[in-house]
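Quick note: the coordinates plus some simple rules give every number you see, no bench work behind them. Keep in mind that this is a model prediction, so the values were computed, not measured.
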Amino acid sequence: MNISSWIVLALNLFLFALFARLILDYVRMFRPGWRPTGIILPVAEIIYMITDKPLGFIRRFIPPLRMGPVALDLSFIVLFFGTQILIAFIR
């Protein structure tokens, strides 16, 4: 395996973590009292640790889009498509 294959693998693992964060966020949105316990707790901490910095960086430049009482966070969408474009460029 050359270096580009390792980079693509790392980016794909990051996309997997991004989807896992999306699932965790939706679970917390539909069940506000839910907190991860047991084996899910360290997994959730790792997922949030991996994805918080990139999402926070993008949020500094692209704030959530306000639509009345609802705010649409575009940072996830931008990060997802940006990672996909980066993977396509490296391949």
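Which helices pass in the chain if a helix is a full DSSP H run, must span at least 30 angstrom along its long axis by Cα, and must have mean Kyte-Doolittle hydropathy not below 0.0?
Those that pass (Cα extent of 30 Å or more, hydropathy at least 0.0) are 3-30, 40-61.
Taking Rh as the Kirkwood radius computed over C-alpha pairs, what is the Stokes-Einstein D of the chain at 37 °C in a medium of viscosity 0.692 mPa s, expressed in µm² per second?
224
As a test of the formula, what do you get for the chain when each DSSP H run with n ≥ 4 contributes -39,500 (n - 2.57) and the sum is divided by the residue count, at 222 nm and rounded to the nearest 500 deg cm²/dmol?
Helix-only estimate at 222 nm: -25500 deg cm²/dmol.
Can you tell me the relative contact order of region 3-90? Whole percent, Cα pairs under 8 Å, sequence separation 6 or more.
Numbers: 49 pairs, mean separation 27.0, N = 88.
Relative CO of region 3-90 lands at 31 percent.
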